[in-house]
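Data first, discussion second: the structure below is written as structure tokens.
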Amino acid sequence: MPVPPGPDPARFAYWVPNVSGGLVTSTIEQRTDWGYDYNRELAVLAENNGFDYALSQVRYMASYGAEFQHESTSFSLALLLATQRLKVIAAVHPGLWHPGVLAKLGATADHLSNGRFAVNVVSGWFKGEFTALGEPWLEHDERYRRAEEFITALRQIWTEDHAELAGDFYRLRDFSLKPKPLNTPERPHPEIFQGGNSTAARTMAGRVSDWYFSNGKDFDGVTEQIEDVRAAAQAGRTAPKFGLNGFLIARDTEAEARDTLREIVAKADTPAVHGFRDAVQQAGQSTADGKGMWQDSSFEDLVQYNDGFRTGLIGTPEQIAERIVAYKRLGVDLFLLGFLHYLEEVEYFGKRVLPLVRELEAQQPEPVAARS
């Protein structure tokens, strides 16, 4: 599909449903499957309907409506080999990976996919996984210190011939990786994403990451986070690009879309949502300033793991396109989307929503003050 001239167009990613239960913790019907055959078909469909990226989730232990899951790095490589243009982001946990081992895997995946591999460094919210594996659980800001050191080591290994690092969590001694990942016109090494809402996450992103993912936010919340991340970028370093999580419900009428949202929440798997809430809110509450992920999430917000309903991408194609472009004017570069029925709704997005987004972008109106 042609893209408008001028500033970079909005880009789109989707959450790979490589875990059972779909993207909402609800007993509502979800015509989505966590298996490989379904996901291979979905990846091809997505890259042919305007999606630039896919993000493979990571869970290591059955829990909270995600009883079954495929490992993220191997699943990502499988999707890369099944597609031609789609970039696939594998979520990984410092503390469960050594950066040198991941760097080796990433370099191989990057060569096999002709430069389409990326990583999302997840600092960790699920204490139960670490304790079940017998690994130490660090407090909130320490997890982000470890993740920052992990990214520093990863980038050095990917770009330097003799990596040296004497860190608090990782040590490299004249470590040489060959072959290195591809150095392409788009990026010098696989792109490094990270998430998080806390002050520690925002400052880390400004210092070391290529992309910063936010949980679902309204216009005011997005503006605040973008300003903080840009302010944290060190002098001489380009600020990270900004990605926003959203659960998209596009229907022919707004009433249909709102009815779908109400049904999702009404049929929430209450024990699973409460279990997830208890696991994640300790992460947000452990921050000194109350800016951690899920700190103020309601029960309804947590029916979609990453507060995706808050972004408000719910309504007709016209309403959703207008909202996407409004977020883009605030500085959102990438929209990370979840869906109820993936195959049908990804195609609907490509045919009905994305053309309207491109039309609005092509008009290049003066930025307006967005209202949430």
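The values are calculated or read from the model by the stated rules, or taken from the named source; none is laboratory data. Given the structure is predicted, the values throughout are model-derived calculations rather than measurements. So basically every Cβ, Gly included, is an ideal-geometry build from the backbone, and we count neighbours across all protein chains shown. Side chains included, ligands, DNA and RNA excluded: accessible areas come from the protein's heavy atoms. Shrake-Rupley method; radii C 1.70, N 1.55, O 1.52, S 1.80 Å.
Does any residue of the range 44-64 turn out to be over 22 Å from Gly243 (Cβ atoms) and surrounded by 18 or more Cβ atoms within 10 Å (Cβ to Cβ)? Scanning the range 44-64, I find at least one residue that is over 22 Å from Gly243 (Cβ atoms) and surrounded by 18 or more Cβ atoms within 10 Å (Cβ to Cβ), so the answer is yes. If only residues of the range 159-175 that are among the charged types (D, E, K, R) and assigned to a strand (DSSP E or B) are counted, the one that is nearest to the chain's Cα centre (by Cα) is Arg171.
Cβ-Cβ contacts under 6 Å between residues 6 or more apart (or on different chains), taken from a first residue in the range 249-272 that is within 13 Å of Gln304 (Cβ to Cβ) and in contact (Cβ under 8 Å) with a residue 12 or more places away in the chain to a second residue that is open to solvent by 60 Å² or more (accessible area, probe 1.4 Å) and part of a helix (DSSP H, G or I), are listed as Val265/Glu300.
Of everything in the range 176-210 that is closer than 13 Å to Ala107 by Cβ and more than 22 Å from the chain's Cα centre (by Cα), the residue that is most open to solvent (accessible area, probe 1.4 Å) is Lys178. Scanning the range 83-103 for any residue that is open to solvent by 30 Å² or more (accessible area, probe 1.4 Å), in contact (Cβ under 8 Å) with a residue 60 or more places away in the chain and under 20 Å from the mean Cα position of the chain (by Cα) turns up at least one such residue. Counting only residues that are in contact (Cβ under 8 Å) with a residue 24 or more places away in the chain, aliphatic (A, V, I, L, M) and open to solvent by 10 Å² or more (accessible area, probe 1.4 Å), how many does the range 227-246 have? Here the count works out to 4.
For the range 164-188, taking the residues that are aromatic (Phe, Trp, Tyr) and out of contact with any Lys or Arg (no Cβ under 6 Å at 6 or more places or on another chain), the one that is nearest to Thr238 (Cα to Cα) is identified as Tyr170.
Taking the numbered list (1) at negative phi; (2) open to solvent by less than 40 Å² (accessible area, probe 1.4 Å) in turn, Glu160 passes all entries but (2). Summed over the range 65-77, residues that are at negative phi, surrounded by 18 or more Cβ atoms within 10 Å (Cβ to Cβ) and not hydroxyl-bearing (Ser, Thr, Tyr) total 5.
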